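The values are calculated or read from the model by the stated rules, or taken from the named source; none is laboratory data. Treat the numbers as computed from the prediction; the structure is a model and nothing was measured. Here Cβ is always computed from backbone atoms with ideal geometry, including for glycine, and neighbour counts include all displayed protein chains.
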């Protein structure tokens, strides 16, 4: 039964007095990050929506023009808090492309491992997010605690828990400490052993199915045309993955298939995350097994005064939310001339909000937002 | 004079037990989450702190409504026998209980809609819709009990189950018990039927504008509500109790089952919840009624 | 449609009057004029370049020009095009591509906000991120962010010390 | 059964976690025991330590610092020559990237595993006008002493950026 | 109206009752669930199973009316600042503010950004500041415990400072939010597009 078909609502929508503005966010427990929608409501139904962005705007792209090439590495991970490493790698890859250098093999593998670990943390947060938005806090508690296992690994490898600043142009900053890979494999086993628990409590839960099924449907064609990327795109049946199509780091040496699903609704996107989570664990295991010995960094001279010849490049990396792209213009100086960041969330956060939300009730806004893995900092910049 | 003393004693007892139940519930929920959780007396601390805070009121109706919600539930509690003790004796007290239990929600509705916050209004409309959802199956089960015992006095139903554990109504009418448990989940506002609170959707709904004392009263209402609802189930299906302690332990068991279910399901949307309540518990209750009639 | 390579694509575009350069095996850059770039983008869209990743501006203050860059990708051919259009700095007006890609609406709003470039045909160019903003669009090279921060927020180059 | 099929009984299996040992680290009483040593990891980037005898006042750290958190200061009673200057670190700016540690030529500047840098005196009102900001309290001055001197280990090569 | 003298009298009254009530206040700190910046990323581990701050009775709350602590988790842009102040003023007393990370002290990473405020203490009174980018969960817990001690000792009274020096705070806030002219002179270079002109082009 479609509640929109009630004639009362139809009359109410035309009457100016019965509609009211509801501020969904930024200060709202269901909101992912510091972002908001201004919903024009009739009763509990959404009439129209206006994104209320800009709370996280820091002017990254301007600040990057003020700082040196290496100094910018402290800024880039802060563009996406949940999944910081793709930013570092994409930035470094762009710089390396302009300089025309190839990094050592071991560094490529280490980059791959950090990227995949970062993806795991983001997926675990996403699983927690699904729980939180549906009022199911058990998976939220579990997944955030499991995420900490990987954060510990990051802390051991790089010295930072959330912001690692591990990749630099020419490779990575330091080699892995002794015993790191064994411990990492142990953590992977532990995480894999937890998967049945998540399955039973979240992905097989009948009420989760009831809530998410058919929510926020995106068709195959629309997903390609409107710039969705990552799991959202693959959940609509498009076999596109930057790791396969424009291979970078050590992905050409690893064996994996692109996971696609038909369906395109929130439930499919949740399952997509579940499936890719398993794949990611597999990828880390492969990378740890195959990692060669050798240098971890090219000698590019004194990096503090690094100069990059004039040129430009757009390099992209598959993050947990989709395609992160860095377009960098260099004029040959010690600072970038222009860095432009392509965040994956903008099409979902702005365009699909205006398409999807007016067909929904207030109940589903948070769950819808979580299912499209919208991360406000990357479009607020 | 004795009655007044009784009333105060009963309500203090209910509040205290209810608050400790809430604290134990948080502790158990924490264990499901693989953590330790707060101490069991945390809810009492919370309430005392809330009472000492600055309270922002919007108008007179808000003050009145919150008090009405609490007194409504305390009034209900006075008609429920606790291990044979009862504040007001009455022959037809199920009818009174049915009537009084709604007052709590109505008082809350009055108070929070006076605040004018749209989230609160949505929350209250959800709470009242949910009430519509669970009262029908719950009272159908009660009707079964009344028919079975030929009396609408909780005391009589209670005494009929005395003696052996096999006299309990849970064995006499198990289908009705399952229906009542489902309705109880909704009555206590536990998941999957907590659409009226729903922090991720409507920012904790009715409580949006409540601060300080008003929120403290809300907590007390919740605590007394938990006490009343579990006491009803214990009286109807678990044969009451020989002493207050066994009664309270039985209540705690009923409450903990609700808490565990609360932690393994997400929430239904309000229309899904009402649909569910009107199909499954209602269906079971009607089946039970037919079985009794035959 | 056959899979096209970077070389054939560059030839194809050259025959349509577009200069291009190869950046890597899967990436080229293309220079277009502001008069007919929408037609070129439309053509690219029809031959499979359906993914508009981003629109961003670049301020070439020495040449007194803005550049609007369209990042276009083809899922089919796996080629990325950095599509560049130059416009004069005094009168930064360019045609919109909202008719080709819906999400361009927000990218254009963003470029307008940060560079002051006007997109003709875009109905809504309101500010997305900044509030109460009366200064130059912030990403232009002649806007000094440190000076702004000093005046409005009282920041100092060396904290509270010096 | 395929992954993600509906199952009414599946959620009930979560009850078994009631009987598992909680994963909580009860912090003030317990600390992390994940790494070879107790507490935070050996590479953790905490607050700085500086071996004043080794420091030569070269100012590399000041130049590399991405956020202008470091500036060179002359300790009291010292001769005004470059090698007597010592870095002052402003934790109101520091982003704990450890670039300064990496470039330090004499390995005198290190990062300890200490992370606690909390202060309660945020501001002080004098006559309702003057304000003493917390900024000054968040400075790591040459006179400050820290005990934890395990240091940020950069791996095989000590100097990573140089 | 509000009277500063009465406040001082209140301060001087060191009753047993205050000590008792302070115990309950410190054992039940509810924080507002509002992530203003990236520092919020270390809050989930603290709130959930790994560090479990509910052991101390600290929990997230949905609305400012119910909350005791306001966490400013990291940098705050001008737009966020407006919402922070509005939120802060909605919270009932007693209320406390915890500032996370370097950004709140002296601008942090974004000290020269055109949209991020530099010192939070200029706009609202802060009780505790934690350095770090971002602070570890242990540091967050430490600061919470420290706040508890301060509450028990009756030292955490920044919210009174806000009332006493409201004019100072208000002036600083107005500088950001009131209609203002251009800050820099270069704004005169702005190009204003006219529709008719656009039509010709």
Just checking, which of B:128, B:145, B:159 is under 25 Å from residue B:281 (Cα atoms) and at pLDDT below 85? B:145
Quick one: in segment E:145-156, which of the residues that are out of contact with any strand residue (DSSP E or B) (no Cβ under 8 Å at 6 or more places or on another chain) and more than 8 Å from chain D (Cβ to nearest Cβ) is farthest from residue D:31 (Cα to Cα)? E:154
State all residues of segment B:141-150 that are assigned to a helix (DSSP H, G or I) and either under 17 Å from the mean Cα position of the chain (by Cα) or over 18 Å from residue B:96 (Cβ atoms) (or both); if no residue qualifies, say none. B:141, B:142, B:144, B:147, B:148
It is to be established whether one or more residues within segment B:278-293 are more than 14 Å from chain A (Cβ to nearest Cβ), part of a loop (DSSP other than H, G, I, E, B), more than 23 Å from residue B:21 (Cβ to Cβ) and without any contact (Cβ under 8 Å) to a residue 12 or more places away in the chain. no
Criterion first (without any contact (Cβ under 8 Å) to a residue 40 or more places away in the chain, over 25 Å from residue B:29 (Cα atoms), over 21 Å from the mean Cα position of the chain (by Cα) and within 14 Å of chain D (Cβ to nearest Cβ)) does residue A:135 satisfy it? no
Looking at (1) over 24 Å from residue A:233 (Cα atoms); (2) part of a strand (DSSP E or B), which is the only condition residue C:55 fails? (1)
Given the criterion in contact with a strand residue (DSSP E or B) (Cβ under 8 Å, 6 or more places away or on another chain), modelled with pLDDT of 80 or more and either surrounded by fewer than 18 Cβ atoms within 10 Å (Cβ to Cβ) or under 24 Å from residue A:174 (Cα atoms) (or both), identify the matching residue among D:62, D:84. D:62
Some residue of segment D:34-57 being exposed (fewer than 14 other Cβ atoms within 10 Å of the Cβ) and within 14 Å of chain E (Cβ to nearest Cβ): yes
When you look at residue E:54, is it in a helix (DSSP H, G or I), at the interface with another protein chain (Cβ under 7 Å from one of its Cβ atoms) and out of contact with any strand residue (DSSP E or B) (no Cβ under 7 Å at 6 or more places or on another chain), yes or no? yes
For residue E:84, only one of the following conditions fails: (1) touching a helix residue (DSSP H, G or I) at 6+ places or on another chain (Cβ under 8 Å); (2) modelled with pLDDT of 85 or more. What is its number? (1)
Would you mind telling me which numbered condition in (1) surrounded by 23 or more Cβ atoms within 10 Å (Cβ to Cβ); (2) within 14 Å of chain A (Cβ to nearest Cβ); (3) under 22 Å from the mean Cα position of the chain (by Cα) residue B:104 fails? (2)
Looking at segment D:69-76, can you tell me whether even one residue there is buried (at least 18 other Cβ atoms within 10 Å of the Cβ), out of contact with any strand residue (DSSP E or B) (no Cβ under 8 Å at 6 or more places or on another chain) and more than 24 Å from residue E:104 (Cβ to Cβ)? no
Suppose we filter segment C:22-44 for residues that are part of a strand (DSSP E or B) and at pLDDT below 85; how many remain? 3
Where in segment E:109-201 are the helices (runs of 4 or more DSSP H), entirely inside, with at least 2 residues that are loosely packed, with under 14 Cβ neighbours inside 10 Å and modelled with pLDDT under 85? E:166-177, E:195-200
Looking only at segment A:346-367, filter to residues that are more than 11 Å from every other protein chain (Cβ to nearest Cβ) and touching a helix residue (DSSP H, G or I) at 6+ places or on another chain (Cβ under 8 Å); which one of those is modelled with the lowest pLDDT? A:359
Tell me which residues, restricted to segment B:32-51, are facing another protein chain (nearest Cβ under 7 Å) and either assigned to a helix (DSSP H, G or I) or closer than 14 Å to residue E:30 by Cα (or both). B:32, B:38, B:42, B:45, B:46, B:48, B:49
Residues C:120, C:146, C:150: which one is free of Cβ contacts under 8 Å to residues at least 40 places away in the same chain, within 14 Å of chain D (Cβ to nearest Cβ) and touching a helix residue (DSSP H, G or I) at 6+ places or on another chain (Cβ under 8 Å)? C:146
